[in-house]
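**Q** Would you mind keeping the following structure in view while I ask a few things?
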Amino acid sequence: MATGACGIDCDVCRLNVRGLCGSCGAGTEDAGRQKLAAQYRIFQGHCPVLKCACENRIAYCPRDCRRFPCPDFEQGPYPFSQGFLDMQKRRRTETRSPSGSLDAMTQWQHEEIDAAYWEELETLDPAEVCRRTLATYDPGEEAYRIPLYHREYTIDPVQRTISRAAEPGTRSHRYGNIQFDEALVLVIYLLRAKEIPLAEKQSTEKDLPGGETFFRGPHELARRPIIKRFGRDPEGFHEAAASLGGRRLDFGDAAYRFLALPRVPVDYILWTEDEEFPARLTIVFDPTVSDHFALDVIWALVNLTTRWLTEAGS
């Protein structure tokens, strides 16, 4: 079967049938490595997808790689459209729990951070990471320290552990009592955050590139638990938001800005229920959030925020 590591079936491609282009083959086979060598020889370059598959011993990315679709697919002009990649992200994280429920929000709790992320983080220059993220680095422990909302975390790329500073003894391969969405947001931020100023503008999820398509169905932002818990209780929302270090804003009936991470603010604007209108919640980002996070990580960050707010208000 002439299928490339990227997942393209070359058997149905006229270029392959006519002998004008050979299949790359699987990333675990000699054909893939030979194709990669030929690319270097002829073009003095390489396909980043094929290179990654060969280096990580992944046969076919869509089938075998837990990171698919990764930045190699999203940043390249081919082989798949952004719409196809967004669909893959949605379907791979679908849950049978009702959309917006806390069960759906914590569907990742038994997952672990992909080893490739840890490996990449371990190779980075700590000074460069700290400059981009505004984290600090302890050379003695070989670990980063960074606040996520009102909590300080320690991330150790070598031991691949994450702990909260206020909770000693929680380090373990599975991050102790730290849930996956916390771990994901922290690790991806250290890897991907950029050294850029805030745009000082307000964007809803639909204003973000690709957001109108992505944030639907199972990826609908977690507003419902906030509305259910605080829709008739603005004082409860004030107390919960203050416990997360929120800064009060002059919008709606109760609004707060949370500094989720040093370069990532998130605003929750609540309108409480009255005689005419049901309660509603608007979640607002600085548009630079898309420079730091892919859409699925933004979704995870909102899930985390909503869960902590509802827990604080219980």
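Every read-out reported here was derived from the displayed coordinates using simple, explicitly stated rules and does not represent laboratory data. Predicted model only: the values in this text are computed from it and were never measured. With ideal geometry, Cβ positions are generated from the backbone for all residues, glycine too; neighbour counts draw on all protein chains shown.
**Q** What is the helix-to-structure angle for 82-92, meaning the angle in degrees between its Cα long axis and the longest Cα principal axis of the chain, kept from 0 to 90 and rounded to the nearest 10?
**A** In the chain, helix 82-92 runs at an angle near 70 degrees to the longest axis.
**Q** List the relative contact order of the chain as a percent without decimals, with contacts defined as Cα pairs under 8 Å and 6+ residues apart.
**A** This gives 15 percent for the chain.
**Q** Moving on to the next point. In terms of modelled amide H atoms, which long-range or inter-chain residues lie less than 5 Å from the amide H of Ala255?
**A** Excluding prolines and chain starts, which carry no amide H, the hits are Leu249, Leu270.
**Q** Right, another one. Measuring from label point to label point, each 7 Å out along Cα→Cβ, what is the Lys201 to Thr213 span in nm?
**A** Result: 2.1 nm between the two label points.
**Q** Can you figure out the FRET efficiency of Arg14 with Arg247, using R₀ = 45 Å and their beta-carbon distance, to the nearest 0.05?
**A** For Arg14 and Arg247, the calculated efficiency is 0.15.
**Q** Run the paramagnetic zone check for Leu124: 7 angstrom along Cα to Cβ, then residues of the stretch 274-314 with backbone nitrogen under 14 Å.
**A** Residues 291-294 fall inside that zone.
**Q** Here's a follow-up. Residue by residue through the stretch 120-128, which ³J(HN,Hα) values in whole Hz follow from phi under the Karplus form 6.51 cos²θ - 1.76 cosθ + 1.60 (θ = phi - 60°), with glycine and proline marked x?
**A** Result, ordered by residue: 5, 4, 5, 7, 6, 6, x, 5, 5 Hz.
**Q** Select from the stretch 221-269 those trypsin sites (Lys or Arg not before Pro) which occupy a DSSP coil region and have at most 12 other Cβ atoms within 10 Å, ordered by residue number.
**A** Arg232
**Q** By how many degrees, 0 to 90 and rounded to 10, does the Cα axis of helix 180-192 deviate from the longest principal axis of the chain?
**A** Between the helix axis and the principal axis of the chain, the angle is about 60 degrees.
**Q** Right, next: Mind giving me the nanometre distance, one decimal, between the label points for Glu239 and Phe43, set 7 Å out from Cα along Cα→Cβ?
**A** Taking the two extended label points, one gets 6.1 nm.
**Q** Gln159 versus Leu134, label points 7 Å from Cα toward the beta carbon: distance in nm?
**A** For Gln159 paired with Leu134, the spin-label model returns 2.8 nm.
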